[in-house]
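To keep things clear, I will list the structure first and then write my remarks on it.
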Amino acid sequence: MHQTELVTVLKERREALGITQAHLAELADVSLRTLKSLEVGKGNPTLETLAKLIEVLGMELKLEIKAPQHDK
(Lines give C-alpha, C1' and ligand atoms only; values in the text may rest on other atoms or scores of the structure.)
Protein backbone atom coordinates (compact mmCIF):
# COMPACT_ATOMS: atom_id res chain seq x y z
CA MET A 1 0.00 0.00 0.00
CA HIS A 2 1.38 3.39 -0.94
CA GLN A 3 1.38 6.34 1.42
CA THR A 4 -1.53 8.06 -0.35
CA GLU A 5 -3.65 4.91 0.00
CA LEU A 6 -2.67 4.57 3.64
CA VAL A 7 -3.63 8.18 4.36
CA THR A 8 -6.98 7.69 2.64
CA VAL A 9 -7.71 4.59 4.73
CA LEU A 10 -6.79 6.37 7.96
CA LYS A 11 -8.88 9.42 7.14
CA GLU A 12 -11.89 7.31 6.12
CA ARG A 13 -11.63 5.31 9.35
CA ARG A 14 -11.39 8.49 11.43
CA GLU A 15 -14.46 9.93 9.73
CA ALA A 16 -16.40 6.64 10.02
CA LEU A 17 -15.77 6.69 13.77
CA GLY A 18 -16.88 10.32 13.98
CA ILE A 19 -13.57 11.48 15.41
CA THR A 20 -12.35 14.99 14.64
CA GLN A 21 -8.76 15.63 13.65
CA ALA A 22 -8.20 17.47 16.92
CA HIS A 23 -9.56 14.62 19.00
CA LEU A 24 -7.56 11.97 17.14
CA ALA A 25 -4.39 14.04 17.50
CA GLU A 26 -5.01 14.32 21.24
CA LEU A 27 -5.82 10.62 21.70
CA ALA A 28 -2.78 9.53 19.68
CA ASP A 29 -0.44 12.09 21.26
CA VAL A 30 0.38 13.50 17.82
CA SER A 31 0.37 17.18 16.97
CA LEU A 32 -2.68 18.46 15.14
CA ARG A 33 -0.38 20.07 12.59
CA THR A 34 1.20 16.67 11.86
CA LEU A 35 -2.19 15.01 11.42
CA LYS A 36 -3.52 17.76 9.17
CA SER A 37 -0.38 17.64 7.01
CA LEU A 38 -0.67 13.89 6.74
CA GLU A 39 -4.33 13.98 5.71
CA VAL A 40 -3.70 16.48 2.91
CA GLY A 41 -0.80 14.43 1.60
CA LYS A 42 1.97 16.79 2.64
CA GLY A 43 3.26 14.89 5.64
CA ASN A 44 5.83 12.13 5.79
CA PRO A 45 4.96 10.33 9.02
CA THR A 46 7.32 8.13 10.98
CA LEU A 47 6.33 4.56 11.72
CA GLU A 48 5.89 5.62 15.34
CA THR A 49 3.35 8.28 14.35
CA LEU A 50 1.49 5.85 12.10
CA ALA A 51 1.45 3.23 14.85
CA LYS A 52 -0.06 5.70 17.32
CA LEU A 53 -2.80 6.75 14.91
CA ILE A 54 -3.59 3.21 13.84
CA GLU A 55 -3.82 1.99 17.42
CA VAL A 56 -6.30 4.71 18.38
CA LEU A 57 -8.36 3.96 15.28
CA GLY A 58 -8.54 0.27 16.23
CA MET A 59 -6.55 -0.85 13.23
CA GLU A 60 -3.43 -2.95 12.73
CA LEU A 61 -0.19 -1.96 11.04
CA LYS A 62 1.45 -4.80 9.18
CA LEU A 63 4.80 -4.43 7.45
CA GLU A 64 5.58 -7.06 4.86
CA ILE A 65 8.84 -7.34 2.98
CA LYS A 66 9.17 -9.83 0.16
CA ALA A 67 12.21 -10.82 -1.81
CA PRO A 68 11.82 -10.58 -5.57
CA GLN A 69 10.93 -13.84 -7.28
CA HIS A 70 13.33 -15.00 -9.94
CA ASP A 71 12.30 -17.10 -12.93
CA LYS A 72 14.03 -20.46 -13.08
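If the condition is being open to solvent by less than 60 Å² (accessible area, probe 1.4 Å) and either within 15 Å of Thr46 (Cα to Cα) or over 13 Å from the mean Cα position of the chain (by Cα) (or both), then the stretch 19-30 contributes Ile19, Ala22, Ala25, Ala28, Val30. Residue pairs whose Cβ atoms lie under 6 Å apart, sitting 6 or more positions apart in sequence or on different chains, and linking a residue in the stretch 33-46 that is of a type in the set (D, E, K, R) to a partner that is open to solvent by 60 Å² or more (accessible area, probe 1.4 Å), are Glu39/Lys11. The residues in the stretch 47-72 that are modelled with pLDDT of 90 or more and either open to solvent by less than 80 Å² (accessible area, probe 1.4 Å) or assigned to a helix (DSSP H, G or I) (or both) can be counted, and the count is 12.
The values are calculated or read from the model by the stated rules, or taken from the named source; none is laboratory data. For clarity, every value in this text was computed on a predicted model and none was experimentally measured. Because the Cβ atoms are built from the backbone with ideal geometry, glycine has one as well, and the counts that use them run over all protein chains shown. Keep in mind that these areas ignore ligands, DNA and RNA; they rest on the heavy atoms of the full protein, side chains included. Shrake-Rupley method; radii C 1.70, N 1.55, O 1.52, S 1.80 Å.
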